[in-house]
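Below is one structure, written out as structure tokens; the observations come after it.
The values are calculated or read from the model by the stated rules, or taken from the named source; none is laboratory data. In this text, all values refer to a predicted model and were calculated from it rather than measured experimentally. Here the Cβ positions follow ideal geometry from the backbone for every residue, glycine too, while neighbour counts run over all protein chains shown. The accessibility values were calculated without ligands, DNA or RNA, using every heavy atom of the protein model including side chains. Shrake-Rupley method; radii C 1.70, N 1.55, O 1.52, S 1.80 Å.
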Amino acid sequence: MLNAILSSLSAENSWRDKIHCYESVTSTNDVLKQMARQGAPHGTVLVADSQSAGRGRLGRAFVSPANMGVYMSVLLRPACGPTQLMHLTCAAACAACSAIESVLGFRPGVKWANDLVYQKKKLAGILTELGFHPDGSVAYCIIGIGVNCNQQLADFPPQIRQIAGSLTMVTGSPINRGVVAAGMIDSFAAMNEVLLKEKGKIMTEYRKDCITIGQQISLVRGERIRHGKALDVDGDGALIVEYPDGSVEAVNSGEVSVRGLYNYI
Ligand code: BTN
């Protein structure tokens with residue numbers, strides 16, 4: 001995998017010497033977090049051919065069969081506090097959409113907050129995690145992304161077949177995972193350059209990509225389900241929801257799961 005990535009990576013990508021590829025890991029986020037705690041530098045990238053304990057948001061599993069997808073995590077060490085990174089997941093989602101667009105020529109949308117979707121199917125998910133210094137500043141961020149590349153419908157577990165899709169199901173051709181991974185690494189490196197300087201611009205782009213805005217949605221908080229309309233996404237990435245009684249709430253992505261009223265999207 002490493003050779004395939006390096007041969008497609010932009011010549012200027014300064015993360016080139018910090019890309020580690022493994023056949024199988026528990027979770028690229030977990031392993032990279034461990035490496036971060038042991039001092040791995042900014043721009044370290046970990047790519048695996050499979051994960052035995054891939055994780056998604058809200059404690060869900062991310063199914064990561066061998067050689068079917070791109071499972072990777074990127075380590076950033078921005079010098080800032082956590083409040084300056086509220087838009088990190090949105091920035092990563094846009095960067096991932098740009099990577100797919102530049103590699104395959106179509107741009108997925110984003111189902112708030114962190115799912116890449118196309119033709120109502122989830123193609124990829126993003127899981128961002130932060131670690132802190134004792135003074136509360138950010139020690140590291142991990143951006144993990146799992147992209148379904150070469151799965152056909154029957155390759156997904158029955159319980160997610162209705163909502164899951166893959167790049168090959170969109171294009172009709174086999175996907176070179178190394179090229180996709182390289183595109184992601186280039187795009188995340190470009191995102192890193194503007195992350196703290198161009199927050200407004202990033203969020204404007206996110207609102208264009210976000211297909212949830214304008215939809216009737218269900219918000220699931222544990223056992224509780226509420227219906228409402230997604231009006232917008234604010235500058236920190238919170239979903240602005242209007243309820244039938246006219247009240248409006250800014251919903252944080254860490255607390256709820258959002259569904260379209262009649263299906264996953
Ligand atoms: C989601 O669907 O809620 C997010 C899924 C994120 C999956 C990726 S795969 C690489 C990285 N390692 C993990 O354990 N999770 C992320």
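Rounded, prolate or oblate: which fits the range 34-98 when a ≥ b ≥ c are the square roots of the eigenvalues of the alpha-carbon gyration tensor, with rounded for a/c under 1.5 and prolate only if a/b beats b/c?
prolate
Between THR212, THR44, THR204, the GNM of the chain built on Cα springs shorter than 10 angstrom shows THR204 fluctuating the most. The GNM of the chain, with springs linking C-alpha atoms under 10 angstrom apart, assigns the highest mean-square fluctuation among HIS227, HIS133, HIS20 to HIS133. Here's the list of aspartates and glutamates a cross-link from LYS18 could span, going by alpha-carbon distance under 20 Å and ignoring same-chain residues fewer than 8 apart: ASP30, ASP49, GLU129, ASP186, GLU193.
What number do you get for the chain when its Cα radius of gyration is normalised by 2.2 N^0.38 Å, N = residues?
0.97
Out of the DSSP beta bridges found with both residues in the chain, what percent are antiparallel (nearest 5)?
About 85 percent, rounded to the nearest 5.
Relative to the globular-protein estimate of 2.2 N^0.38 Å, the Cα radius of gyration of the range 99-150 stands at 1.48.
Per-residue Karplus couplings for the range 113-124, computed as 6.51 cos²θ - 1.76 cosθ + 1.60 with θ equal to phi - 60°, are listed in order as 9, 9, 9, 8, 10, 8, 6, 6, 10, 7, 9, 7 Hz, Gly and Pro entered as x.
With distances taken between every two different alpha-carbon atoms, the range 131-265 has a Kirkwood hydrodynamic radius of 17.9 Å. Computed over the range 72-203, the convex hull of the alpha-carbon atoms projects to a mean area of 8.4 nm².
Give, rounded to the nearest 20 debye, the magnitude of the charge dipole that the chain has about its Cα centre when Lys and Arg contribute +1 at Cβ and Asp and Glu contribute -1 at Cβ.
Values: 25 positive and 23 negative charges, 89 e Å.
It comes to approximately 420 debye.
Cross-link check: pairs LYS122/LYS229; LYS111/LYS229; LYS122/LYS208; LYS33/LYS121; LYS201/LYS229; LYS121/LYS229 evaluated at a Cα-Cα cut-off of 26 Å; pairs beyond the cut-off: LYS33/LYS121. Which of MET86, LEU153, ILE213 sits closest to the plus end of the dipole of the chain, meaning its Cα is farthest towards the positive end, when Lys and Arg get +1 and Asp and Glu get -1 on the C-beta? The Cα lying farthest towards the positive end belongs to LEU153.
Element breakdown for the range 52-184 at a 1.4 angstrom probe: carbon and sulfur atoms account for 54% of the accessible area.
In the range 1-109, inverting the average of 1/r over every pair of distinct C-alpha atoms gives 15.3 Å as the Kirkwood radius.
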